[in-house]
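The values are calculated or read from the model by the stated rules, or taken from the named source; none is laboratory data. Note that the coordinates shown come from a computational prediction; the quantities given were computed from them, not determined experimentally. Cβ sites come from the backbone with ideal geometry, for glycine too, and all protein chains shown count toward neighbours. The protein model used for the area step is the full one, side chains on, heavy atoms only, and it has no ligands, DNA or RNA in it. Shrake-Rupley method; radii C 1.70, N 1.55, O 1.52, S 1.80 Å.
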Amino acid sequence: MLKIQIVEDDLLEAEQLQKHLQMMNLEVVAISKNAEEAIADFEKHKPHLLFIDINLQGEKDGIYVAEYVNQNCRIPFIYLSNYFGKESPYFKRAIATVPA
């Protein structure tokens, strides 16, 4: 079964995404609310795919998590964000991580 990790600091949004993924018979192995927790969960569960919110609580953002994933193994990830586009301050950093 495909193991999925959700990195999202809005618990309601994370739970809604989890519900939709489970309806498609996909296993959500972790919901992580900040970068540090995301990296710990990533190491613990070894997911096959990550959904990563760019804006996270704390000093480190979702792009930091994606960079960590890329440095340690090339597992696909998809960014989640309401604030994205070429005018976003995150755009160039996010594109450089080569999301799925």
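Annotations for the structure displayed:
- If you go through segment 88-100 and keep only what is open to solvent by 70 Å² or more (accessible area, probe 1.4 Å), in contact (Cβ under 8 Å) with a residue 12 or more places away in the chain and aliphatic (A, V, I, L, M), you end up with 98, 100.
- Taking every residue in segment 30-58 that is over 11 Å from residue 8 (Cα atoms) and pairing it with any residue that is open to solvent by 40 Å² or more (accessible area, probe 1.4 Å) and assigned to a helix (DSSP H, G or I), at least 6 positions away or on another chain, the pairs with Cβ-Cβ distances below 6 Å are 39/68.
- Check on residue 29, out of contact with any Ser or Thr (no Cβ under 9 Å at 6 or more places or on another chain) and modelled with pLDDT of 95 or more: yes
- Residue count for segment 88-100 satisfying the condition of being in a helix (DSSP H, G or I) and either in contact with a His (Cβ under 8 Å, 6 or more places away or on another chain) or of a type outside the set (Val, Ile, Thr) (or both): 5.
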